[in-house]
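Taking it in order: structure first as structure tokens, then the write-up.
The values are calculated or read from the model by the stated rules, or taken from the named source; none is laboratory data. Please read these numbers as outputs of a predicted model, since none were measured by experiment. Reconstructed Cβ throughout: ideal geometry from the backbone, glycine too, with neighbour counts over all protein chains shown.
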Amino acid sequence: MDAIAAGAETSIGSVYRFFPDKRAIFRAVADLAMATVDQAFRARIVAAAPGAQWHELLDLAVDVFTEIHEREMAARALLANIQLYDEYAEADRAQQRQIAAVTEGLLGVWAPELEPEARAVVAAMIVQTVFGMIVLSQREPPARRAAMVEHCKLMLRRYLSPWIETPGTIPP
């Protein structure tokens, strides 16, 4: 807490006024990281969906989420303190369900022959695979991490391709 006060060039009392303990600071960082993910998801992925090829949108999503977790300080702090996951687990699960719901809607367009329950499972698999890869790849050196990102894209394309009509575009 002293280091935070010093870094913010304020008194320790000011820090405690807004954050009663370290966990409160961590929760604020988690909220910031999740807001960053939500904004990027809407601004870069959802906005790119109309007219996008499915594999291009899939690659973009993997790249955007990876970029956030590698470049955004708040997201990196979450990964570095994964032992505190319970502090934001409910909000994280809700956000992943929201992303999966959008993904499920896209699958309804790209793979209309998939039954609704199957679409829900496939959407959850996509989201969990990407987020799991991001978390686990942080343990690896940068070159291996980059290779894992590319292999994740390839794996998901191969997983999805039997169900998706070609060319799979979302009508504008």
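Results for (1) within 15 Å of the chain's Cα centre (by Cα); (2) among the small types (Gly, Ala, Ser); (3) surrounded by 12 or more Cβ atoms within 10 Å (Cβ to Cβ), shown as yes or no for each residue.
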{"site": "4", "(1), (2), (3)": "no, no, yes"}
{"site": "12", "(1), (2), (3)": "no, no, yes"}
{"site": "18", "(1), (2), (3)": "no, no, no"}
{"site": "29", "(1), (2), (3)": "no, no, yes"}
{"site": "33", "(1), (2), (3)": "yes, yes, yes"}
{"site": "37", "(1), (2), (3)": "yes, no, yes"}
{"site": "41", "(1), (2), (3)": "yes, no, yes"}
{"site": "45", "(1), (2), (3)": "yes, no, yes"}
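Spot the failing condition for residue 94; the list is (1) at pLDDT 95 or above; (2) of a type in the set (A, V, I, L, M, F, W, C); (3) farther than 23 Å from residue 150 by Cα; (4) surrounded by 13 or more Cβ atoms within 10 Å (Cβ to Cβ), and only one is missed.
Among (1) at pLDDT 95 or above; (2) of a type in the set (A, V, I, L, M, F, W, C); (3) farther than 23 Å from residue 150 by Cα; (4) surrounded by 13 or more Cβ atoms within 10 Å (Cβ to Cβ), residue 94 violates only (4).
Which residue pairs have Cβ atoms closer than 7 Å, lie 6 or more positions apart in sequence or on different chains, and pair a first residue in segment 1-27 that is modelled with pLDDT of 90 or more with a second residue that is not hydrophobic (A, V, I, L, M, F, W, C) and not in a helix (DSSP H, G or I)?
Correct list of pairs: 26/81; 27/88.
From 145, 139, which residue is farther than 26 Å from residue 47 by Cα and touching a Ser or Thr at 6+ places or on another chain (Cβ under 9 Å)?
145 is the lone residue from the list that is farther than 26 Å from residue 47 by Cα and touching a Ser or Thr at 6+ places or on another chain (Cβ under 9 Å).
Filter segment 61-89 down to the residues that are assigned to a helix (DSSP H, G or I) and of a type in the set (Ser, Thr, Tyr), then identify the one that is surrounded by the fewest Cβ atoms within 10 Å (Cβ to Cβ).
Filtering first and then ranking leaves 85.
So which of 40, 91, 75, 49 is touching a residue at least 12 places away in the same chain (Cβ under 8 Å), within 17 Å of residue 124 (Cα to Cα) and of a type in the set (A, V, I, L, M, F, W, C)?
Working: 40 fails: within 17 Å of residue 124 (Cα to Cα); 75 fails: within 17 Å of residue 124 (Cα to Cα); 49 fails: within 17 Å of residue 124 (Cα to Cα).
The match here is 91.
Of all residues in segment 111-138, which are loosely packed, with under 14 Cβ neighbours inside 10 Å, charged (D, E, K, R) and free of Cβ contacts under 8 Å to residues at least 40 places away in the same chain?
The answer is 115, 117.
What are the pairs, 6+ residues apart or on separate chains, where a residue within segment 144-162 that is closer than 13 Å to residue 65 by Cα and in contact (Cβ under 8 Å) with a residue 40 or more places away in the chain has its Cβ under 8 Å from a residue that is surrounded by 14 or more Cβ atoms within 10 Å (Cβ to Cβ) and among the hydroxyl-bearing types (Ser, Thr, Tyr)?
What qualifies is 149/66; 149/137; 152/129.
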